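Enquirer: Could you have a look at this structure, given as structure tokens, before my questions?
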Amino acid sequence: MKMPWFLISGAAALAALALVLPTSAEPARQIPSAMADEKADGVTTRTAVFAGGCFWGVQGVFQHVEGVTRAVSGYAGGEAATAQYEKVGSGRTGHAEAVRVTYDPRQVSFGTLMQIYFSVAHDPTELNRQGPDVGPQYRSTIFAGDAEQARLAQAYIDQLDSAKLFGARIATTIEHGRAFYPAEDYHQDYLTLHPRQPYIAIHDLPKIENLKRLFPDRYRAEPVLVSRTGT
């Protein structure tokens, strides 16, 4: 379990933390768009829930995507009673750290969000871990809101696996019918609020740069923050 920035005291502690963390973020890859995508049916708001390691970075990525109107860090896959950071960190609650993305499908589709998720937000080939974070709470999972989302997610995973674009098979799972619980306030907008935190600087800020580089037409410089949109 990661220690929030405000609980780490002293420059020596920060320096020590920087030394033990790997020196690069998960690799970003240029991948094709989804061959199957949601239909444009006039709906103005939809949601999708993605888990891919620490929610600080995943939230930060989606907050910089044009068409996303809200991105909230939280927990999915377990029960309400144990949807708390300290309990989820044990790896025994069934939750994954996740991000609920609210978006305007007229501006960005579920397929495009998945493309960003698989190429920039995390490494989908890692099983029950991302970088230095290990445990089922850091698993790669798409929490489908309905059968259509589950179908599209599976189709895209099959497409990417068939193309052999990654060094290993995609480990991302699809879970359906799971509730999402917003995380504690101090986890929201964490990347934006703490850019100098060693974990953020090493693992997450490069993801924002990769989003900007690989998806220049989708990148927005001003993030959509929970402090403005609410949860």
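Enquirer: Among the residues of segment 26-54, write down those that are over 16 Å from the mean Cα position of the chain (by Cα) and among the basic types (Lys, Arg). Steps first, please.
Expert: Looking only at segment 26-54, we keep the residues that are over 16 Å from the mean Cα position of the chain (by Cα), and these are 30-46.
Of everything in segment 26-54, those that are over 16 Å from the mean Cα position of the chain (by Cα) and among the basic types (Lys, Arg) turn out to be Lys39, Arg46.
Enquirer: Determine if segment 51-58 includes at least one residue that is out of contact with any Lys or Arg (no Cβ under 9 Å at 6 or more places or on another chain) and either at pLDDT 95 or above or within 29 Å of Pro105 (Cα to Cα) (or both).
Expert: Applying the first criterion (out of contact with any Lys or Arg (no Cβ under 9 Å at 6 or more places or on another chain)) to segment 51-58 yields 55.
Filter again for either at pLDDT 95 or above or within 29 Å of Pro105 (Cα to Cα) (or both), leaving 55.
Yes, that holds for at least one residue.
Let's see how each residue does on (1) touching a Pro at 6+ places or on another chain (Cβ under 7 Å); (2) in contact (Cβ under 8 Å) with a residue 12 or more places away in the chain; (3) closer than 18 Å to Gln63 by Cα:
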residue	(1), (2), (3)
Leu165	no, yes, no
Ala171	yes, yes, no
Ala179	no, yes, no
Asp189	no, yes, yes
Asp204	no, yes, yes
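Enquirer: Would you pick out the residues in segment 206-221 that are assigned to a loop (DSSP other than H, G, I, E, B) and within 16 Å of Gly57 (Cα to Cα)? Outline the logic, then answer.
Expert: Just the residues of segment 206-221 that are assigned to a loop (DSSP other than H, G, I, E, B), to begin with: 215-218, 220-221.
Across segment 206-221, the qualifying residues are Arg220, Ala221.
Enquirer: Restricting attention to segment 195-209, does a residue exist that is surrounded by fewer than 19 Cβ atoms within 10 Å (Cβ to Cβ) and among the polar types (S, T, N, Q)?
Expert: no
Enquirer: Moving to a separate point now. Working carefully through the options Arg70, Arg129, Arg29, find the one that is closer than 15 Å to Leu211 by Cβ and charged (D, E, K, R).
Expert: Values: Arg70 fails: closer than 15 Å to Leu211 by Cβ; Arg129 fails: closer than 15 Å to Leu211 by Cβ.
The unique qualifying residue is Arg29.
Enquirer: Give the residues of segment 200-231 that are over 21 Å from Phe118 (Cβ atoms), in contact with a strand residue (DSSP E or B) (Cβ under 9 Å, 6 or more places away or on another chain) and either of a type in the set (Ser, Thr, Tyr) or at pLDDT below 95 (or both), sorted by residue number.
Expert: Thr229, Thr231
Enquirer: Further, regarding this structure: All but one of (1) more than 27 Å from Gly78 (Cα to Cα); (2) in a helix (DSSP H, G or I) hold for His203; which doesn't?
Expert: (1)
Enquirer: Here's something else I'd like to know. Which residues, counting only those in segment 183-205, are over 14 Å from the mean Cα position of the chain (by Cα) and of a type outside the set (Phe, Trp, Tyr)? It would help to see each step written out before you state the result.
Expert: Initially, segment 183-205 is screened for residues over 14 Å from the mean Cα position of the chain (by Cα), giving 184-186, 192-199, 201-202.
Glu184, Asp185, Thr192, Leu193, His194, Pro195, Arg196, Gln197, Pro198, Ala201, Ile202 - these are the residues of segment 183-205 that are over 14 Å from the mean Cα position of the chain (by Cα) and of a type outside the set (Phe, Trp, Tyr).
Enquirer: Can I ask one more? List the pairs whose first member sits in segment 108-131 and is within 24 Å of Gly89 (Cα to Cα) and free of Cβ contacts under 8 Å to residues at least 60 places away in the same chain, whose second member is in a helix (DSSP H, G or I) and of a type outside the set (S, T, N, Q), and whose Cβ atoms are under 6 Å apart, counting only residues at least 6 apart or on separate chains?
Expert: These pairs meet every condition: Asn128/Pro136.
Enquirer: Under 26 Å from Thr229 (Cα atoms) and at pLDDT 95 or above: is that true of Glu86 in this structure?
Expert: On the way: under 26 Å from Thr229 (Cα atoms): yes; at pLDDT 95 or above: yes.
So Glu86 passes the test.
The values are calculated or read from the model by the stated rules, or taken from the named source; none is laboratory data. Owing to the predicted nature of the structure, the values given are computational and were not obtained by experimental measurement. Heads up, the Cβs are rebuilt from the backbone with ideal geometry, glycines too, and the neighbour counts pull from every protein chain shown.
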